[in-house]
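The values are calculated or read from the model by the stated rules, or taken from the named source; none is laboratory data. As the structure is a prediction and not an experimental result, all values here were calculated from the model. Please note: Cβ atoms are built from the backbone with ideal geometry, for glycine as well, and neighbour counts cover all protein chains shown. All accessible areas refer to the heavy atoms of the entire protein, side chains included, with ligands and DNA or RNA removed. Shrake-Rupley method; radii C 1.70, N 1.55, O 1.52, S 1.80 Å.
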Amino acid sequence: MRRLHLVELEDLPWFPAVLRDGGTTYLEFAVRLSGHAKALVPTIAAALRRTRSTQIVDLCSGGGGPIRVIADALARSGTPVEVRLTDFYPNLRAFARATAGSDHITFERDSIDAAQVPARLTGFRTLFNAFHHFRPADARRILADAATAGRPIGVFEVVSREPLALLGMLTAPLGVILTVPFWRPFRWQWLLWTWVVPVLPLFVLWDGVVSWLRIYSVEELRELVADIDAPNYTWDIGTIQLGKTPAHATYLIGRPTDQD
């Protein structure tokens, strides 16, 4: 099945921030609950060591994503890093919670374009569960920007276009209804838009199914990098099994060849 690039509501500039933030907060909650982010740690740790990186610039951080879990796991494994959260639509409440009590995670208040990362933000660039938001031309711009700047980049999608992942998307509205009181930082408006007028569950369902359709496969990721003129840059693309389940994450890691 070829990738379909439909429209996710959270990508629309006019979409209400309270709903967008609710969706990203639910995703952060769901990723934490599943524990799937921990399966990415060995691959990320190996890439950090290979590129001699001690800093991560997390792009499209949304509600904070899995980076806190990953950063803590990296520290326990002997690969500590400093992390900077960024987003084009920064959710400052979620960023503040993600960095609370941490001495190695900070965040940007300004809007950061993943395809034009300021030179002052140095380090290993990451995108967790966000790369599918970009059409091929924009996705190439993100990768090419890293290659041109000589920065390593890692793209990770915990969801792939597998039937089990689609089943998870179809049951997400029930997950929203049952878990909304436990999301943090909590907003009372989310109860209204979930239990009284079920806009939030329907929004999560729509964006979840569209996300599944938009995920880049391994073959499609290879097609993306084949068109990037970066002779002094190398790409590693593959999948990671998520624990003992039959589900897999996809990853793309790019790095300058002088870091081999």
Checklist (1) in a loop (DSSP other than H, G, I, E, B); (2) more than 14 Å from the chain's Cα centre (by Cα) applied to residue 177, failing item: (1)
Odd one out for residue 216 among (1) at pLDDT below 95; (2) in a loop (DSSP other than H, G, I, E, B): (1)
Residue 184 assigned to a loop (DSSP other than H, G, I, E, B), in contact with a strand residue (DSSP E or B) (Cβ under 9 Å, 6 or more places away or on another chain) and open to solvent by 50 Å² or more (accessible area, probe 1.4 Å): no
Among the residues listed as 69, 41, the single one being modelled with pLDDT of 95 or more and out of contact with any Pro (no Cβ under 9 Å at 6 or more places or on another chain): 41
Residue in region 1-23 that is closer than 30 Å to residue 257 by Cβ and open to solvent by 10 Å² or more (accessible area, probe 1.4 Å) present: yes
Residue 161 assigned to a loop (DSSP other than H, G, I, E, B) and within 30 Å of residue 124 (Cβ to Cβ): yes
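For region 187-200, give me each residue that is part of a helix (DSSP H, G or I) and either at pLDDT below 95 or surrounded by fewer than 20 Cβ atoms within 10 Å (Cβ to Cβ) (or both).
189, 191, 192, 195, 196, 199
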Residue 204 vs. criteria in a helix (DSSP H, G or I), surrounded by fewer than 20 Cβ atoms within 10 Å (Cβ to Cβ) and either under 17 Å from the mean Cα position of the chain (by Cα) or among the aromatic types (Phe, Trp, Tyr) (or both): no
Any chance residue 150 is on the phi > 0 side of the Ramachandran plot and either without any contact (Cβ under 8 Å) to a residue 12 or more places away in the chain or open to solvent by less than 60 Å² (accessible area, probe 1.4 Å) (or both): yes
Among residues of region 24-45, those that are free of Cβ contacts under 8 Å to residues at least 60 places away in the same chain, touching a strand residue (DSSP E or B) at 6+ places or on another chain (Cβ under 9 Å) and open to solvent by less than 70 Å² (accessible area, probe 1.4 Å), counted: 0
Check on residue 79, within 23 Å of residue 52 (Cβ to Cβ), assigned to a loop (DSSP other than H, G, I, E, B), open to solvent by less than 60 Å² (accessible area, probe 1.4 Å) and touching a helix residue (DSSP H, G or I) at 6+ places or on another chain (Cβ under 7 Å): yes
Long-range neighbours under 8 Å by Cβ, at least six apart or interchain, first residue within 15 Å of residue 46 (Cβ to Cβ) within region 71-89, second assigned to a strand (DSSP E or B) and of a type in the set (S, T, N, Q): 81/55
Condition met for residue 152 (closer than 18 Å to residue 253 by Cα and touching a Ser or Thr at 6+ places or on another chain (Cβ under 8 Å)): yes
Single match in 54, 99, 79 (criterion: of a type in the set (S, T, N, Q) and modelled with pLDDT of 95 or more): 54
Test: residue in region 84-95 that is over 16 Å from residue 128 (Cβ atoms), open to solvent by less than 60 Å² (accessible area, probe 1.4 Å) and among the basic types (Lys, Arg): no
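For every residue, the table says whether it meets (1) open to solvent by less than 10 Å² (accessible area, probe 1.4 Å); (2) in contact (Cβ under 8 Å) with a residue 12 or more places away in the chain; (3) of a type in the set (S, T, N, Q).
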position: 105; (1), (2), (3): yes, yes, no
position: 111; (1), (2), (3): no, yes, yes
position: 119; (1), (2), (3): no, yes, no
position: 123; (1), (2), (3): no, yes, no
position: 135; (1), (2), (3): no, yes, no
position: 146; (1), (2), (3): yes, yes, no
position: 156; (1), (2), (3): yes, yes, no
